[in-house]
Amino acid sequence: MKICFDAGHGGTDPGATGFGLLEKDITLATVLKCREKLQAYQNVTVALTRDSDRTVSLKARTDFANREKADLLVSVHVNGFGCAIVTGK
């Protein structure tokens with residue numbers, strides 16, 4: 001099986017931001033960890049639409065997965081949200 005992971009956003013597109021975090025960094029770290037974990041399995045190959053902080057168009061992402069003949073394309077995103085911190089005081 002060939003799995004293509006697409007780390008959302010990247011380069012000039014940070015995605016959601018908050019608390020000093022950028023979505024593009026979280027998605028990249030996630031797909032790199034997934035690749036690392038899946039390398040332990042025989043008959044599993046992993047391709048990444050990006051393995052560094054660079055801008056990749058939506059068309060380039062799907063074109064890449066198709067060229068790689070991926071059985072599965074997983075596009076990784078994280079949502080931003082607000083939260084309140086309750087101190088108990």
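The values are calculated or read from the model by the stated rules, or taken from the named source; none is laboratory data. Quick caveat: nothing in here was measured; it's all calculated off a predicted structure. Please note: Cβ atoms are built from the backbone with ideal geometry, for glycine as well, and neighbour counts cover all protein chains shown. To get the accessible areas, we keep the full protein, side chains included, count just its heavy atoms, and leave off ligands, DNA and RNA. Shrake-Rupley method; radii C 1.70, N 1.55, O 1.52, S 1.80 Å.
Some observations on this one:
- Residue in the stretch 62-70 that is of a type in the set (V, I, T) and open to solvent by less than 70 Å² (accessible area, probe 1.4 Å) present: yes
- Residue within the stretch 61-74 that is within 24 Å of F19 (Cα to Cα) and either part of a helix (DSSP H, G or I) or modelled with pLDDT of 95 or more (or both) present: no
Residue-by-condition table, conditions (1) part of a strand (DSSP E or B); (2) farther than 13 Å from V74 by Cβ; (3) among the hydrophobic types (A, V, I, L, M, F, W, C):
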position: T27; (1), (2), (3): no, no, no
position: T30; (1), (2), (3): no, no, no
position: C34; (1), (2), (3): no, no, yes
position: Q42; (1), (2), (3): no, yes, no
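- Residue in the stretch 1-45 that is nearest to the chain's Cα centre (by Cα), counting only those that are open to solvent by less than 50 Å² (accessible area, probe 1.4 Å) and among the basic types (K, R): K24
- Those residues of the stretch 46-61 which are surrounded by fewer than 16 Cβ atoms within 10 Å (Cβ to Cβ) and either among the hydroxyl-bearing types (S, T, Y) or over 14 Å from F5 (Cβ atoms) (or both), in sequence order: S52, D53, R54, T55, S57, L58, K59, A60
- Matching residues in the stretch 47-68 - criterion: being charged (D, E, K, R) and more than 11 Å from L28 (Cβ to Cβ): K59, R61, D63, R67, E68
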